Amino acid sequence: MTRLKDREKAIKLRKQGKSYSQIKTIIGVNKGTLSYWLKDFPLEEKRLRELRDWNQVRIEHYRKTRTLKRENI
């Protein structure tokens with residue numbers, strides 16, 4: 001019964017525009033389970049772009065790469 005409640009909560013969070021990583025942190029289930037549960041609930045293209053463009057890990061990786069290129073010139 002607990003898994004059913006987790007699934008319902010995951011669906012609710014997905015409809016709010018949360019990513020798998022965000023839902024995983026809140027509920028505590030792995031991404032494979034979320035992928036199965038949420039296969040019929042994709043994010044809108046606009047929201048996907050927002051998540052991708054403002055991803056802190058991605059931004060930091062970009063900064064490090066640019067710094068290394070400048071140092072090697």
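Where a number appears in this text, it was derived from the coordinates with a stated rule and is not lab data. What you see is a predicted model; the values in this text were computed from it and never measured. Positions of Cβ are generated from backbone atoms using ideal geometry, with glycine treated the same way; all protein chains shown enter the neighbour counts.
Checking the cross-link pairs K24/K64; K9/K39; K12/K39 against a 18 Å limit on the alpha carbon distance flags K24/K64 as lying beyond it. Checking every one of the GluC sites (Glu not before Pro) in region 2-59 against DSSP loop status and a limit of 16 other Cβ atoms within 10 Å picks out E44. Applying a DSSP loop filter and a limit of 14 other Cβ atoms within 10 Å to the chymotrypsin sites (Phe, Trp or Tyr not before Pro) in the chain leaves W54.
Across the alpha-carbon set of region 1-41, the Rg to Rh ratio works out to 0.90, Rh being the Kirkwood radius.
In this Cβ point-charge picture (+1 for Lys and Arg, -1 for Asp and Glu), the chain has a dipole of about 60 debye about its Cα centre.
May I ask for the percentage of alpha-carbon pairs in the chain that lie more than 17 Å from each other? Tail fraction, whole percent: 53.
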